Every structure is written in structure tokens, then in C-alpha cells.
Amino acid sequence: MSISVVNGLPAHVLVVHFVVVLVPLSALAVVVGAIWPSAARRMGVVLPLLALVTLASVPVATNAGEWLEEHVDSDALVRRHAELGDGLLPWAAGLFVLATAVWWTTRRSASAEAAPGEWTRAATPRSALIVRAAAVVLSVVVAAGAVVDVYRIGDSGAKAAWHDGFSKTADAGGHGDDD
């Protein structure tokens with residue numbers, strides 16, 4: 001069962017706004033958490049939960065979009081938007097995996113710092129630095145990919161919705177200069 005209409009409007013035009021806000025917010029949070037472990041510790045479990053909500057919102061928007069696609073005239077712009085929309089889920093999944101990994105590792109390192117006698121480091125400081133650098137690079141790449149994909153999808157959706165729906169010149173009906 002999917003949501004198709006909300007208060008008389010196609011659900012897609014409403015639900016998509018969650019994706020447009022949550023994907024960049026999750027991307028930013030993952031990158032900040034990867035770069036600054038203290039920030040990740042302060043975010044705590046909110047980091048992976050935010051990414052989980054983001055991940056869940058993508059198929060909801062996609063399903064609502066598929067319903068809408070069946071109820072509008074299909075043209076190349078609509079098809080292009082639908083194709084691009086289908087590619088966002090892996091990016092959102094990547095954000096969730098990275099958010100969970102950043103949260104887990106910073107949580108573990110915080111508990112190790114609290115009880116240093118009970119934990120022995122399996123990794124040397126150099127290898128830990130290499131792993132952290134790789135996590136930062138991977139976080140930046142996935143975050144950038146997700147944000148760029150959301151932009152491309154949104155741009156194609158706006159073009160599909162508005163390509164014939166407005167005039168480039170203002171309507172002079174009482175609003176312009178009358179000679």
C-alpha cells in the first residue's frame with residue numbers, strides 16, 4: 001500500500017521535500033562526524049537515525065513518484081526524471097552505512113578512552129589514521145554524490161513539471177503598463 005494523494009495533491013510533490021532536505025542534511029552530518037569525531041560523539045545516535053529516516057524517505061518518494069508518473073502525460077522529461085530518481089537509493093544507503101560506521105567507531109573510541117586499561121589497541125596509531133582518512137574521503141565522496149544526485153533529480157523534476165506551465169514574460173492583465 002502506498003500513499004498516492006495527500007489533501008488533494010499528489011503525495012510525490014509533498015514527500016519529495018523530505019528527501020530534498022534530509023539528503024543534504026545527512027550528507028553534511030556524516031562528513032562533519034567523519035572529520036570531527038567529537039562532533040560525531042555529540043550527535044550520538046541521532047547521526048545514524050537521521051540517515052535511516054533519509055534512507056526510508058527515498059523509496060516513499062520514489063513510490064509516490066511512480067504513482068504520479070502513471071497519472072500524468074508521459075514525455076521525455078518525465079521519463080528522465082523517473083530514471084534519475086531511481087538512482088538515489090544507493091546514495092542514501094551509502095549515507096546510512098557511513099553514518100552508522102562513524103557513529104559506531106566514535107562510540108567505541110569514546111568508551112576506549114574512558115577505560116584505557118580495559119582495551120588494547122589492535123591497530124597502530126598510523127593504521128588508525130589511515131582508516132580515519134579513508135573514512136573521511138569516502139564520506140565526502142558519498143555525500144557529494146548524494147547531494148549532486150538530489151540536485152539533478154530535482155532539476156529534472158522541475159523541468160518536467162514546469163516546461164510548459166509558465167510564461168517567460170509577465171501577464172499584463174492589470175499588472176503591467178497599459179498604454
Counting only protein heavy atoms and using a 1.4 Å probe, what share of the accessible area of segment 1-95 belongs to carbon plus sulfur, as a whole percent? 70 percent
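Provide the packing ranking of 7-16, 39-48, i.e. peptides ordered by the mean count of other C-beta atoms within 10 Å per residue, highest first. Walk me through the numbers before you get to the answer.
Numbers: 7-16: 15.6, 39-48: 17.6.
So the order, starting with the most tightly packed, is 39-48, 7-16.
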Can you compute 3J(HN,Hα) from phi for each residue in segment 65-79, using the Karplus curve 6.51 cos²θ - 1.76 cosθ + 1.60 with θ = phi - 60°, rounded to whole Hz and x for Gly and Pro? x, 5, 4, 5, 4, 6, 10, 10, 5, 7, 9, 4, 5, 5, 4
Taking Rh as the Kirkwood radius computed over C-alpha pairs, what is the Stokes-Einstein D of segment 19-59 at 4 °C in a medium of viscosity 1.567 mPa s, expressed in µm² per second? 128 µm²/s
Around residue 6, which amide H atoms from residues at least 5 apart in sequence, or from another chain, sit under 5 Å from its own amide H, with H modelled in the peptide plane? 11
Mean Cβ-within-10 Å packing, highest first, puts peptides 73-83, 27-37, 55-65, 146-156 in the order 27-37, 55-65, 146-156, 73-83
The extension gain from residue 80 to residue 104, computed as 0.36 nm times the residue separation minus the Cα-Cα distance, is 4.9 nm
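The values are calculated or read from the model by the stated rules, or taken from the named source; none is laboratory data. Not measured: the values here are computed from a predicted model. For neighbour counting, all protein chains shown are included, and Cβ atoms are generated from backbone atoms with ideal geometry for every residue, glycine included. Only protein heavy atoms, including side chains, enter the accessible area calculation; ligands, DNA and RNA are left aside. Shrake-Rupley method; radii C 1.70, N 1.55, O 1.52, S 1.80 Å.
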